[in-house]
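For reference, the structure discussed in these notes is given below.
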Amino acid sequence: MGGFVMNARENLVQQALEGLEVSDGDLVRLNRDPAFVTRAGPARDKVAVVSGGGSGHEPLHTGFVGRGMLDAAVPGDVFASPTALQVRGAIEAADTGRGTVLVVKNYTGDVLNFSIAADLLSKTHTVETVLVDDDLATSSEDEGGPGRRGTAAVVVTEKICGAAAEAGAPVDRVRDLGRKVVSRSATLGMSFRAPTNPLTGLRSFELEEGEIEFGVGIHGERGIETRRPSGEAADLVESLASPLVEALGPDRGAPVLAVVNGLGATHGLELSVAALELRRFLEGKGLRLERTLVGPYVTSLDMKGFSITLTALDDELAELWDAPVHTPALR
């Protein structure tokens, strides 16, 4: 189909995974059946950190396999969960005997299949789970609902868990640090243009020139404010960052980490402007922007837009964030 660099649609994900071995074979290895990605040189005698989810969000998660981050990543089809058998295979390949921490974004399919895999291995492996649910757009008072979606805070969670595991922390400590990151993080995103489905060639929603979708999801879900008028960068950044600061409630002078994340088709020039405006906004609130990560890290195919994630830092988290990392997408 025109508009995508691909051969047969049914081979898209498999061939992309094989291409990752071409570009980064010094760092990663592809297990073909079931499909998952591991480090080229497996770690020894440490807690394994395993994540995964639908494809179409690259470099998440396969691009974060390597020293200081993930031991294995499990890719599903485009915007679809991997199977429980894939997850089980990845855990078995990565676990060194010290236990495994699963980092799971809060989507029904991911939660179900990672949980099934953990249950299948419960008699032979120690498996702990960190559930990432950082998206403020899906905050709800409904206790029986699915809860917030998991979005770009998953990168911070994987980095912190990976650094702790690399330093020799036990499995419960790695799990607790991951949950600490989630509890101190919040995300919001917006879009000028929806992603295009590679199967149909259709966008998941339509916007007119000068409109944005506020509070979008990373699978092309519509926002909580649809067809909202756009504005200048400073206005867009403030509309995203203000609810994050309100939700996290940091003290004046508190340090924060920010991820200014491109959703697939947003240029680095634009993301740099957003990062500048975010620093100005946070300084105006009396907060210290201590660490930043700016770029396309959790994408939504070719969505034109960006998200902002804020994580309230402390000395421990800052030290783990600064620890060495060497993966295809972060080093």
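The values are calculated or read from the model by the stated rules, or taken from the named source; none is laboratory data. Owing to the predicted nature of the structure, the values given are computational and were not obtained by experimental measurement. Methodologically, a virtual Cβ is constructed for each residue, glycine included, from the backbone with ideal geometry; neighbour enumeration extends over all protein chains shown. What goes into the accessible areas is simple: the full protein's heavy atoms, side chains included, and nothing from ligands, DNA or RNA. Shrake-Rupley method; radii C 1.70, N 1.55, O 1.52, S 1.80 Å.
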For this session: Please give the number of the condition SER81 fails out of (1) part of a strand (DSSP E or B); (2) farther than 12 Å from LEU20 by Cβ; (3) open to solvent by 10 Å² or more (accessible area, probe 1.4 Å).
Result: (1)
Exercise. From the set of residues in region 1-26 that are of a type in the set (D, E, K, R) and assigned to a helix (DSSP H, G or I), which is surrounded by the most Cβ atoms within 10 Å (Cβ to Cβ)?
Worked result: ASP24
Exercise. Pairs, please: C-beta under 8 Å, at least 6 apart or cross-chain, first residue modelled with pLDDT of 95 or more and in region 24-50, second among the acidic types (Asp, Glu) and outside any loop (DSSP other than H, G, I, E, B)?
Worked result: VAL28/GLU21; ARG29/GLU21; LEU30/GLU18; LEU30/GLU21; ALA43/GLU166; LYS46/GLU166; VAL49/GLU158
Exercise. Can you name every residue in region 61-78 that is assigned to a strand (DSSP E or B) and touching a helix residue (DSSP H, G or I) at 6+ places or on another chain (Cβ under 8 Å)?
Worked result: ARG67, LEU70, ALA72, ALA73, VAL74, PRO75, GLY76, ASP77, VAL78
For this session: Report the residue count in region 84-103 for those that are in a loop (DSSP other than H, G, I, E, B) and touching a helix residue (DSSP H, G or I) at 6+ places or on another chain (Cβ under 9 Å).
Result: 2
Problem set entry | Residue match in region 104-121 (condition: assigned to a strand (DSSP E or B), at pLDDT 95 or above and closer than 30 Å to ASN197 by Cβ) | yes
Problem set entry | region 27-69, subset among the hydroxyl-bearing types (Ser, Thr, Tyr) and open to solvent by less than 20 Å² (accessible area, probe 1.4 Å), residue nearest to ARG175 (Cα to Cα) | SER51
Exercise. Which ones in region 188-220 are open to solvent by less than 40 Å² (accessible area, probe 1.4 Å) and under 22 Å from VAL50 (Cα atoms)?
Worked result: ILE218
Problem set entry | Sole residue being under 17 Å from the mean Cα position of the chain (by Cα) and within 23 Å of ASP302 (Cβ to Cβ), chosen from GLY220, GLY201, GLY210 | GLY220
Problem set entry | Scope region 180-198; condition assigned to a strand (DSSP E or B) and either basic (Lys, Arg) or more than 15 Å from the chain's Cα centre (by Cα) (or both); matching residues | MET190, SER191, PHE192, ARG193, THR196
